[in-house]
Each structure stands twice: as C-alpha cells, then as structure tokens.
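Q: One structure coming up, written as structure tokens, with questions to follow.
The values are calculated or read from the model by the stated rules, or taken from the named source; none is laboratory data. Quantities reported herein were computed from a predicted structural model and do not represent experimental measurements. Using ideal geometry, Cβ is built from the backbone for each residue, glycine included, and neighbour counts are taken over all protein chains shown. Side chains are part of the model used for accessible areas, which takes the heavy atoms of the whole protein and leaves out ligands, DNA and RNA. Shrake-Rupley method; radii C 1.70, N 1.55, O 1.52, S 1.80 Å.
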Amino acid sequence: MSVKIRLQRHGKKQKPFYWIVAADARAKRDGRFLEKLGTYNPNTNPATIDLNLDQAVQWLHNGAQPTDTARAILSYKGALLKHHLDGGVRKGALTQEQADAKLAAWIDEKAGKVDAKKDGLSKKQAEAKAKALKAEVAANEKRANAAAEALKAAEAPEVVEEEVAEVAEEVVAEVAVEETPAAEVAVEETPAVEEAPAAEEASEETEA
C-alpha cells in the first residue's frame, strides 16, 4: 500500500484549516486517513503549524511520500532533517548524540528566525497604526479648520451690514447738523427787520 503525507482541508469557506495526515494514496483528499500528524493554519502570519515530529519521521522511515506542500511543512518543522540524520546514525556516520545536537541547534536557529519575523511584523503593525493615527489627527484638524473658516465666512456679511448701517446713520446725522445753520441764516435774512423803519416813516408822513 502506497502511503502519502498530505493535507486534509477543514475550516470555513475562505478560511481554510488543514490537518496533516498520513493516508492511503488511493483515498480521497478529504476522505479516510491512517493517522493525523498535526495541523496547519495559513490564516495567521506567520502560519501556525503543530506537528508530531516523531510520528512524521516514523512515517518517512516507513516509506511515506509527502506531497509538495506537506514536504515544505515537514522541512519547515525539521522532520526532513531528522529523517536525514537518523539515516546517518543507521549508517554509522554519526552518533545519536551528535544527531540530536545538530537537530537541537537547527531548531533553536529556526525558532530565532521565527521570533525575529514576529517582532518585525509587530513593529510594522505598530508603525502602521501610528501612521494611521497621525493621518486621522491631521484630517480632524483639517475638518475643524474648514468648519471654522465656513463659520467665519457666514458671519462676515452680518458684520458688513452692521458697519454699513452705522456709516449710514453717521452720514444722516452729519447732514442734519450741516443743514440746521442754513435754516437759521435763512430766517435771519428775512425782511422783517428792514420793514420796521419803513413802517415808522409811513406813520410820520401821516402825522405831517
């Protein structure tokens, strides 16, 4: 029986979640399987992989062939390296302690790279959040300034009308003050004062 290590799809629509399984090559992709080896969640960044390393390596020892995606996952978690080191131990090229030390060193280095990637992603997310907040503050200030200018523009005609009304009142008052002496002069220039001697002369002629 030919055995394959492959992914079996689960999860919701557009949010896939996979089981890593060892299954008969003749079985359907999401059908029966021989053993569940782990899970793979591509919805996170970086992807979340939970793998039973020893069981995966044991299936590799037994001749199971991984698919391309499953091979990439096994390589990422160190299963292929352990399979290779175990072959060296069986051939006597190195001891089990040396193989374990090499595997542990590789796992530590890989974990450091993963942590560095997570830190970089967190830093980028923080920078993006700060940039978005700054842009939002700038947009709010721009809207506030625009509202203030609109309010100022709406109040400007009322102020102009008040100033025009005050100027008109001042002009009317000045015209009234200037016209008053002219009226008095006209009254003074009336011939009432000049007719008085004429009246006196007329009375004198009558008496004569």
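Q: Specify which of the listed residues (Ala79, Ala111) is under 30 Å from Asn41 (Cβ atoms) and either open to solvent by 60 Å² or more (accessible area, probe 1.4 Å) or under 37 Å from the mean Cα position of the chain (by Cα) (or both).
A: Ala111
Q: Which residues, taken from the range 56-76, are buried (at least 16 other Cβ atoms within 10 Å of the Cβ) and in contact with an Asp or Glu (Cβ under 8 Å, 6 or more places away or on another chain)?
A: Correct list: Val57, Trp59.
Q: For the range 11-28, how many residues meet the condition of being of a type outside the set (A, V, I, L, M) and either surrounded by 12 or more Cβ atoms within 10 Å (Cβ to Cβ) or in contact (Cβ under 8 Å) with a residue 40 or more places away in the chain (or both)?
A: Number of matching residues: 6.
Q: A further question on this structure: Do you know which of the residues in the range 82-104 that are among the hydrophobic types (A, V, I, L, M, F, W, C) and farther than 16 Å from Ala56 by Cα is most open to solvent (accessible area, probe 1.4 Å)?
A: The qualifying residue most open to solvent (accessible area, probe 1.4 Å) is Ala93.
Q: To continue, here is another question. Anything in the range 2-47 that is of a type in the set (Ser, Thr, Tyr) and modelled with pLDDT of 90 or more? List them, or say none.
A: Tyr18, Thr39, Tyr40
Q: Could you list, in sequence order, the residues of the range 71-129 that are assigned to a loop (DSSP other than H, G, I, E, B) and not hydroxyl-bearing (Ser, Thr, Tyr)?
A: Within the range 71-129, Gly78, Gly92, Ala93, Leu94 qualify.
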